[in-house]
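Everything on this sheet refers to the single structure shown next.
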Amino acid sequence: ETGVTQTPRHLVMGMTNKKSLKCEQHLGHNAMYWYKQSAKKPLELMFVYSLEERVENNSVPSRFSPECPNSSHLFLHLHTLQPEDSALYLCASSPTDRVGGYTFGSGTRLTVV
Amino acid sequence: EDQVTQSPEALRLQEGESSSLNCSYTVSGLRGLFWYRQDPGKGPEFLFTLYSAGEEKEKERLKATLTKKESFLHITAPKPEDSATYLCAVQSYNNNDMRFGAGTRLTVKP
């Protein structure tokens, strides 16, 4: 257990479904991130939250909608996804915005059918 | 634009056979270079941060080194439990984002 917990671990959803991914950290970190990891491709940064404010949206389609209600929790709301959105979605945190090594969760394996 | 290239893509070693993984990078103003280990079905686990050319960091059988253009992750006398994907990432002063390479998948056979 790294201190960053992601649920669910696996998710299969149809293209018309709406689902949410959850991330929780109790490390006292002030920054949280969503990354997408596709097979044989580098991790892609999606969103950055610092002190509960979104500081970066890395040209992510609007079918992905993040939410950070407090410094310990981060959500990624999904709707009308495409099959190419199937990937491992990783949450990470760090003490301050983009400083130092990140602590990652184990990810949610998403399959869009 | 910052770029990170890792080689080889995959590496198979016998237990005890030392080798090195390479991470070549181009970045405008290096803030830090990071190494992570990722096991199947898990998120990346932070290993090292290197900040300036000439710096070295060690942890058990792993040693990371840094020059102005590349970093090496040396693995001495590896064991099967060292099998994992090793990721390199760079962070620049101009762009705070951590840019990752595609990784090297290491397999150590007993």
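The values are calculated or read from the model by the stated rules, or taken from the named source; none is laboratory data. Fair warning: this is a prediction, and the values are worked out from it, not measured in the lab. Every residue, glycine as well, gets a Cβ built from its backbone with ideal geometry; the counts of neighbours run over all protein chains shown. Just the protein is used for accessible areas: all its heavy atoms, side chains included, with ligands, DNA and RNA removed. Shrake-Rupley method; radii C 1.70, N 1.55, O 1.52, S 1.80 Å.
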**Study point:** Rounded to the nearest 20 debye, dipole of the protein assembly as shown from Cβ charges on Lys, Arg, Asp, Glu
**Key:** 420
Review point. Accessible area drop of at least 50 Å² (1.4 Å probe, protein heavy atoms): which residues of the stretch A:81-113 qualify, relative to the chain alone?
Key: A:Arg98, A:Tyr102, A:Phe104
Study note, to complete from the structure: Simple SL model, points at 7 angstrom along Cα→Cβ for A:Thr111 and A:Ala39; separation in nm is 1.2
Check your understanding: Which Cα, out of B:Ala89, A:Phe64, A:Tyr33, lies furthest along the positive dipole direction of the protein assembly as shown (beta carbon charges, K/R +1, D/E -1)?
Key -> A:Phe64
Check your understanding: Of A:Lys19/B:Lys42; A:Lys22/B:Lys57; A:Lys41/B:Lys69; A:Lys40/B:Lys109, which ones are farther than 26 Å apart at the Cα?
Key -> A:Lys22/B:Lys57
Check your understanding: Within 10 Å of each Cβ of B:37-45, how many other protein chain Cβ atoms are there on average?
Key -> 6
Check your understanding: In the protein assembly as shown, what cysteines have no partner Cβ closer than 4.7 Å?
Key -> A:Cys68
**Study point:** Estimated distance in nm for a label pair at A:Ser20 and B:Ser83, the labels positioned 7 Å out from Cα along Cα-to-Cβ
**Key:** 3.9
Check your understanding: Using a probe radius of 1.4 Å on protein heavy atoms only, what is the accessible area buried between chains A and B, both sides summed, to the nearest 100 Å²?
Key -> 1400
Check your understanding: How big is the gap, in Å, between the Cα center of the stretch A:50-92 and the Cα center of the stretch B:1-50?
Key -> 26
Review point. Among B:Glu60, B:Glu45, B:Glu81, which one moves the most in a GNM of chain B with springs linking Cα atoms closer than 10 Å?
Key: B:Glu60
Point to revise | For the stretch B:42-52, Karplus couplings with θ = phi - 60° (6.51, -1.76, 1.60), whole Hz, Gly/Pro x | key: 10, x, x, 10, 5, 10, 9, 10, 10, 10, 8
Exercise for review: Could you list the residues of the stretch B:3-40 with an amide nitrogen less than 20 Å from a label point located 7 Å from the Cα of A:Leu27 in the Cα-to-C-beta direction?
Suggested key: B:31-40
